[in-house]
Amino acid sequence: MDVEKAPSAGGARLFIGIDLGGTKIASALVDADMKTMGRVTVATRPEEGPDAVIGRMLGTVWELCEGHGCGVGDVGAIGIGCPGPLDQETGIVLDAPNLMWKNVSVAAPVAQATGLPVCVENDANVAALAENRMGAGRGARHMMYVTVSTGIGSGLILDGRLYVGAMGAAGELGHVTMLADGPLCGCGNRGCLESLASGTAIAQRAREAAARPAGAGILEAANGDIDAIDSALVALAATGGDATAQAIMRAAFEYLGTAVANVLNLLNLDMVVIGGGVAQVGDVLFDTVKRMIELRAMACMARDVRVVPALLGADAGALGAACCAAERLTKYVP
């Protein structure tokens with residue numbers, strides 16, 4: 001268990017955020033100013049079942065409190081960011097394939113064990129909240145956060161507040177249909193943005209290309225092993241000047257930019273924050289997205305919007321979950 005500590009908040013009210021992922025649980029203790037007072041990271045090990053995973057989540061709570069020299073009673077609330085879909089009202093994760101969970105109650109056992117109010121929110125939503133409150137989107141009133149990684153997730157801040165929609169499922173940019181007869185998506189639909197522009201989609205297009213003469217450069221970069229081709233390798237090949245890799249990346253980011261332009265036309269946002277592993281390729285992604293916004297969005301929508309890289313990286317989930325707990329359960333707004 002990796003633990004980081006910071007000096008005491010001097011009696012300020014505390015909040016805990018937990019970012020529950022398929023491979024790790026990252027938790028953070030923050031004060032009333034959303035300053036991080038401590039972090040704990042442990043392996044998720046979902047194959048051991050929900051009870052074991054929830055037990056490890058609780059273990060991070062005890063570890064954070066012990067490391068900070070406080071009791072659980074000094075904590076105002078706990079927020080948990082989870083893969084979805086989920087029911088925010090009941091705190092039940094409805095379906096999380098990476099965790100192998102269906103209809104698992106998360107909020108209730110954590111609340112029972114700690115005696116604290118607990119909220120559960122989609123992981124992309126809490127990351128959006130973190131970037132808006134303390135990251136790249138600070139000060140933006142109307143913002144979308146997009147994470148481009150294995151899949152594509154997003155969260156919306158509208159009029160300064162996290163927007164979750166009628167059933168808590170708003171912000172699924174990855175499942176906007178971009179190509180009516182496009183590739184099959186994991187959600188069952190065809191042509192979703194996720195099936196065209198995610199890291200998984202980029203790797204799939206590159207593997208298909210590597211089986212043809214035009215993809216020889218990509219195959220060479222993978223030392224002849226098609227199964228070793230992932231989005232990072234494609235980005236490396238593209239940076240090295242491989243034309244096929246460049247075309248694959250450009251096509252993916254044009255779809256992403258078109259999807260963002262559609263959202264701008266609908267919601268008139270003032271900022272778009274993009275994070276996730278694929279976003280680490282940098283200018284090629286951001287320049288393409290901006291170009292597609294200029295091409296596809298109405299001029300008045302495109303003119304003033306800022307498209308910027310996320311700042312908080314892997315900390316966004318835990319920090320956003322803590323923000324969510326503070327704002328939703330105690331009405332505290334930092």
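Coordinate-derived values only; no laboratory data. The structure displayed is predicted, hence computed values, not measured ones. Reconstructed Cβ throughout: ideal geometry from the backbone, glycine too, with neighbour counts over all protein chains shown.
Taking the C-alpha atoms only, the angle from helix 243-267 to the longest principal axis of the chain is near 60 degrees. What shape does the stretch 242-309 take by its C-alpha gyration tensor, where a ≥ b ≥ c are the square roots of the eigenvalues and a/c under 1.5 counts as rounded, a/b above b/c as prolate, and the rest as oblate? Cα axes put the stretch 242-309 in the prolate bin.
Taking every alpha-carbon pair under 8 Å whose residues sit at least 6 apart, the chain reaches a relative contact order of 20 percent.
A simple spin-label model places pseudo-atoms 7 Å from Cα toward Cβ; at residue 251 and residue 105 they are separated by 4.8 nm.
Here is the P(r) of the chain: all C-alpha pair distances, binned every 20 Å from 0, give 32, 54, 14, 0 in whole percents. Does a label point 7 Å from the Cα of residue 280, set along Cα-to-beta-carbon, have any residues of the stretch 140-183 with amide nitrogen under 12 Å, and which are they? Residues 149-150 fall inside that zone. The string of couplings for the stretch 51-66 from the Karplus curve (6.51, -1.76, 1.60, θ = phi - 60°) is 4, 5, 5, 5, x, 5, 4, 5, x, 5, 5, 4, 5, 5, 5, 5 Hz, one whole number per residue in order, with x for Gly and Pro.
Distance distribution P(r), the stretch 227-271, all Cα-Cα pairs, bin width 10 angstrom from 0: 26, 36, 23, 15, 0 percent. For the stretch 139-311, the alpha-carbon coordinates run over 51, 32, 27 Å along the three principal axes, in decreasing order. Around the amide H of residue 13, modelled in the peptide plane, lie the amide H atoms of 32, all under 5 Å away and 5 or more residues distant in sequence or on another chain.
Distant-in-sequence amide contacts of residue 271, defined by a placed amide H-H separation under 5 Å and a gap of 5 or more residues or a different chain, comprise 142, 144, 306. Whole-Hz Karplus values for the stretch 301-316 come out as 7, 7, 4, 9, 5, 9, 10, 9, x, 5, 10, 8, x, 5, 7, 4 Hz, taken residue by residue from phi with 6.51 cos²θ - 1.76 cosθ + 1.60 and θ = phi - 60°; glycine and proline positions read x.
Run through the DSSP bridge list for the chain and note the antiparallel percent, rounded to the nearest 5. So the antiparallel bridges amount to about 65 percent of the total. Take the Cα radius of gyration of the stretch 14-156 and divide it by 2.2 N^0.38 Å, N being the number of residues; the result is 1.01.
Computed from backbone phi with θ = phi - 60° and the Karplus coefficients 6.51, -1.76 and 1.60, the 3J(HN,Hα) list for the stretch 228-235 is 7, 6, 10, 5, 5, 5, 4, 4 Hz; x is used for glycine and proline. Helices in the chain, meaning DSSP H runs of at least 4 residues, each add -39500 (n - 2.57). Divided by all residues, the mean residue ellipticity at 222 nm is -11500 deg cm²/dmol. Taking amide H as placed 1.01 Å from N in the peptide plane, residue 190 has its amide H under 5 Å from the amide H of 185, each at least 5 places away in sequence or on another chain.
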